[in-house]
1. Only residues in region 342-358 that are under 11 Å from residue 313 (Cβ atoms) count as the first member; pair them with residues that are buried (at least 16 other Cβ atoms within 10 Å of the Cβ) and among the charged types (D, E, K, R), Cβ under 8 angstrom, at least 6 apart or cross-chain, and list the lot.
2. Give the residue that is most open to solvent (accessible area, probe 1.4 Å), with candidates limited to residues of region 226-242 that are out of contact with any Asp or Glu (no Cβ under 8 Å at 6 or more places or on another chain), in a loop (DSSP other than H, G, I, E, B) and farther than 20 Å from residue 271 by Cα.
3. Can you tell me which residue among 173, 165, 150 is of a type in the set (Lys, Arg), open to solvent by 20 Å² or more (accessible area, probe 1.4 Å) and modelled with pLDDT under 90?
4. Examine region 138-147 for a residue that is in a helix (DSSP H, G or I), touching a Gly at 6+ places or on another chain (Cβ under 9 Å) and closer than 30 Å to residue 57 by Cβ, and state whether such a residue exists.
5. Hey, can you tell me all the residues within region 60-75 that are free of Cβ contacts under 8 Å to residues at least 24 places away in the same chain and either crowded, with 19+ Cβ neighbours inside 10 Å or among the charged types (D, E, K, R) (or both)?
6. Working carefully through the options 318, 364, find the one that is part of a helix (DSSP H, G or I) and modelled with pLDDT under 90.
7. Answer yes or no: is there a residue in region 196-208 that is farther than 24 Å from residue 46 by Cα and in contact (Cβ under 8 Å) with a residue 40 or more places away in the chain.
8. Those residues that are under 16 Å from residue 383 (Cα atoms), open to solvent by 40 Å² or more (accessible area, probe 1.4 Å) and without any contact (Cβ under 8 Å) to a residue 60 or more places away in the chain, I need them from region 316-341; list them, please.
Amino acid sequence: MTLPDTAPNPDGADRTFQVDLRGLVDLLSHHLYSSPRVYLRELLQNAVDALTARHALEPGASADDFGIRLHADGSVVRVEDDGVGLTEADVHTFLATIGRSSKRAAGGSPDEPVRGWGRIEEQRGDFIGQFGIGLLSCFLVADEIHVLSRSARTPDAPAVEWRGRGDGSYTVRTLPASARPRPGTTVTLTPRADADEWTRPVKVHALARHFGSLLRHPVTFDDGSGGPGVPVNPEPAPWARTFPTPGSRSRALAAYGEKVFGFTPLDTIELDLPAVGLKGIACVLPEAVPAGRRHGHRVHVKGMLLSEQAEEILPEWAFFVRCVIDAESLRPTASRESLYEDATLAAVRDALAERLRAWISRAAASDPDLLARFLQTHHLAVKSLAVHDDEILRMLLPWLPFETTDGHTTLDEFARTHRTVLVTSSVEEFRQVAAIASAAGLGVVNGGYTYDRELVHRLPEVRPEVNVADLDPATLTAHLDPVDRETELAAAAYLARARDALAVFDCDVALRTFQPASAPALLVDSREARHERTRSQLAREQEGGLWGDILGALRQEAPRAQLILNQLNPLVRTAVAIDEPELARTSAEALYGQAALLSRRPLRPAESSLINRSFLDLLAHALRKDS
């Protein structure tokens, strides 16, 4: 929180804002940082940036010449580095001015966009921190920050001590060089009692490993017990190491992915974008996930963990992988817990998407077993990609599994036996016709699942010899054989009673012959037809009112459902010979109800009532006959 200077200002001179540090710390803890634990990440980040600056002064030095040492014994937390250090002027300029960072170019803004690959501001590109507020995070766990530093820029530079307090006050004093014999900086915190959760030795060590396991400088930790420091990052990431064989490298990458994510990857894709200094791996999930569920990815920036839930690094369709990457040129937000959405991030996202496409291409070309396992698990992800990606469509559409009248099979196998492929618009429509269409030799694909209908219609782009058409009731009924004239005349009275009984459902009745003979009836009814009948019924009920006029203006001849009775079925042959009007009506209602149940679509209340009534009426008739 900032407060204006309220002193008298008769001459209209400019005044500066005063900072309420306690209010600012509260703002950081509740709105910028997700947890007090980030204090250690900020201290590590400052130490790493100081080492980066030291190496710029001494470019011939090895990365192992300078390091970071952590100490936590329950009473203090201390972070010591061999970095570039601070002069007294630096302390006044950077530690005592909130928002000013030594890692920004003079006059530069941290919010200037990054344009294109690798065009990073010259004086910012090597540093993690950019905003000049990281040290304030220490006030989340301590009331005082003690900094002792000695600059490496001047050989005989004195040591400088800075003490900052949570009330906004600070002191600075110059000490002899002997107070810190070597250049670098030591930050010491005396934790508050309520911060014990984050400052215990075990917790500090765990946080150091969590945030700094991939740092390029050696980091050690000691708990004050007198033993040697324990390495926090004992070995570099597997993609930064050399292996004797490609197989051993692949196994090391997979083992690392399993360690990070807790599952054995179906395969591991190595990621390498030299233009932005990005390296890492994408682990293919061994189990299917719902379409659109985006996983968080583990993103490091210059070795420092930025986020474990960075969704924005990959496109939405890539939900079949989880990534761990380390990048040089991605920009963190002010909280350093997510990525700044800019042109560089967009370019990285596109490039990583291309790497995933290339992996699918290689699997399709050279590893059919891997491709089969991948498609069996993640066919929905590939379908979502194929809808928008012509290359993936041409390459993988024939190998994708679909539900068909020949069972679950690939379109390539299905098209070999069916040059005309019919596709339904809904799952329930497919279930209505599957058995009948299969017996009639029709090739029908269930197009009711996500992406399936659209993809099947694109099959001729890959297989030009195949025709694809939507299935409609007329197509199916045209493949059902008519009965002879004598049979039709003999059943006329029954069919008339059946039509009268089912008129309430806008359902016509016809007699045909079709396979399988075990199916007594087929109900042909589309979702669109049911919606149109519902609209027409509402228009009739609202006739005369405003809503009725609106529906009436849309009125068309309502399409009718059709109950097709199978003359080959023994039960139907018995039913059409019934002379008793009420029994004929009840049997027609029962056949309609059974066909509606077989369609597996939701039943209307009137249909449920009809099924119950017809069953009881038939049962009563059977009992009367037996008695």
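1. Final answer for the pair search is 345/312; 345/331; 349/312.
2. Applying the filter and picking the extreme gives 234.
3. Numbers: 173 fails: modelled with pLDDT under 90; 150 fails: modelled with pLDDT under 90.
Selected residue: 165, the only one of 173, 165, 150 that is of a type in the set (Lys, Arg), open to solvent by 20 Å² or more (accessible area, probe 1.4 Å) and modelled with pLDDT under 90.
4. Here is the first cut: in region 138-147, the ones in a helix (DSSP H, G or I) are 138-140.
Restricting the remaining residues to those that are touching a Gly at 6+ places or on another chain (Cβ under 9 Å) gives 138-139.
So of that shortlist, the ones also closer than 30 Å to residue 57 by Cβ come out as 138.
Yes.
5. Matches in region 60-75: 65 only.
6. 364
7. no
8. Across region 316-341, the qualifying residue is only 316.
The values are calculated or read from the model by the stated rules, or taken from the named source; none is laboratory data. Not measured: the values here are computed from a predicted model. Don't worry about glycine lacking a Cβ; one is built from the backbone with ideal geometry, like all the others, and counts go over all protein chains shown. Quick note on the areas: whole protein, heavy atoms, side chains included, nothing else; ligands and nucleic acids left out. Shrake-Rupley method; radii C 1.70, N 1.55, O 1.52, S 1.80 Å.
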